[in-house]
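Report on the following structure.
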Amino acid sequence: MNLRGLKGSIVALVTPFDENGDPDFNQLGDLIDWHIANGTDGIVTLGTTGESATMLQEEDDEVCRFTVERVAGRIPVIAGSGSNCTQAMLERSLSFEAMGVDGLLLISPYYNKTNDEGMYMHFKTIADAVHIPCLIYNVPGRTGCNISESVVARLSRHPMIYGIKEASGDMSYAMKIARYLSDDFVMFSGNDDITIPILSIGGSGVISVLANIMPHETHEMVMNYLNGHTAEAAASQLRYLELINNLFLEVNPIPVKTALGLMNKCGDNLRMPLYNMSYGAKDALSATMRKAGLI
């Protein structure tokens with residue numbers, strides 16, 4: 001399925017684990033089907049929310065292959081193939097492309113970081129080698145570094161760099177890079193709390209944590225805005241804001257996994273070093289979920 005032209009709500013999908021800590025493919029399949037039935041426009045597998053940083057490469061491969069097969073072309077599948085090792089990111093990207101994903105999510109190098117030319121070459125190396133669209137991923141709160149405006153400008157001209165997942169939470173930065181948006185380079189919000197503001201400067205949608213528990217509502221909010229029903233979309237953003245904030249009371253994906261467990265959608269098992277949500281935070285999350293009618 002062609003990733004180009006994709007708009008709407010793309011879920012940053014969790015990876016369910018069973019009681020032994022292994023990927024639970026029965027639950028993953030049920031989640032995928034639920035999302036498609038409820039209007040989710042695309043799936044990101046093996047992102048931050050999917051706990052890929054806690055998984056072995058063999059497990060990543062199994063989850064990616066299963067997701068592509070279960071989706072079966074019904075909606076686009078984007079695989080998180082990022083690494084702070086460019087060669088590792090290249091190998092993962094080529095492997096996931098061969099499995100049939102529709103696009104790749106490429107993170108900026110974390111821990112070792114780099115300078116601007118190194119940042120540019122990190123992404124260009126993969127984009128030069130693959131034949132499917134790539135989204136670069138700016139999330140300085142996780143990586144400790146920002147993709148500079150000048151690097152975004154250069155990457156926006158690469159034919160295989162289709163867009164950016166912008167998760168800095170900095171609207172000033174987002175507005176600067178919005179100047180480079182076109183039919184060939186798009187922006188998705190990486191922060192649920194500013195989905196509508198990102199859409200207002202030309203964004204195409206959201207890569208969403210919230211969509212894990214509210215797939216229909218997240219899709220409707222984005223499409224309402226894109227279809228001109230801006231007041232209704234803004235009202236939804238404000239209505240969901242407390243719940244969104246409580247999904248980040250602790251590091252993602254601890255709260256959203258907890259929420260899915262409370263909804264009996266999948267187990268709330270996490271991979272170390274991620275651990276069970278603290279009682280006070282879980283109580284606050286549960287209260288907002290009850291208010292939203294989710295439990």
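Some notes on this structure:
- Note on segment 1-156: dipole from Cβ charges, positive end direction compared against G50, G118, C64; the farthest Cα belongs to G118.
- For the chain, the residue among Y275, L94, M187 whose Cα projects farthest onto the positive side of the dipole built from Cβ charges is M187.
- Sparse-neighbour loop sites [chymotrypsin sites (Phe, Trp or Tyr not before Pro); segment 41-135; at most 14 other C-beta within 10 Å; DSSP]: Y111
- Sequence-distant residues sharing a close amide H with L105 (under 5 Å, placed H): A79, G80, S81, L135
- A simple charge model with +1 on the Cβ of Lys and Arg, -1 on the Cβ of Asp and Glu and nothing else charged puts the dipole of segment 222-284 at about 180 debye relative to its Cα centre.
- Labels on offer are [x] 47, 45, 35; [y] 73, 40, 36; [z] 54, 46, 40, and the one holding Cα extents along the principal axes in Å computed from this structure is [x].
- About the centre of its Cα atoms, the chain shows a dipole size close to 720 debye [charges on the beta carbon of Lys, Arg (+1) and Asp, Glu (-1) only; nearest 20 debye].
- Cross-link table K113/K257; K113/K165; K165/K282; K7/K176; K176/K257; K165/K291, entries beyond 26 Å C-alpha to C-alpha: K113/K257; K165/K282; K176/K257; K165/K291
- Using C-alpha pairs under 8 Å with a sequence gap of at least 6, the mean separation divided by the residue count of the chain gives a relative contact order of 19 percent.
- When the solvent-accessible area of the chain is split by element, carbon and sulfur atoms take up 50 percent of it, the probe being 1.4 Å.
- Among A37, N138, T288 the positive-end extreme of the charge dipole of the chain (Cβ point charges): N138
- Gyration tensor (alpha-carbon) shape descriptor, segment 50-126, a/c threshold 1.5: prolate
- With Cα atoms as the point set, the radius of gyration and Dmax of segment 1-83 evaluate to 12.2, 40 Å.
- Summing Cβ point charges (Lys, Arg +1; Asp, Glu -1) relative to the Cα centre of segment 147-270 gives a dipole of roughly 300 debye.
- Alpha-carbon gyration tensor eigenvalues x 5, square-rooted, for segment 150-282, Å: 29, 18, 13
The values are calculated or read from the model by the stated rules, or taken from the named source; none is laboratory data. Every value quoted in this text rests on a predicted model; they were computed, and no experiment measured them. Virtual Cβ from ideal backbone geometry, glycine too; neighbours counted across all protein chains shown. We work out accessible area using only protein heavy atoms, side chains counted, and drop any ligands, DNA or RNA first. Shrake-Rupley method; radii C 1.70, N 1.55, O 1.52, S 1.80 Å.
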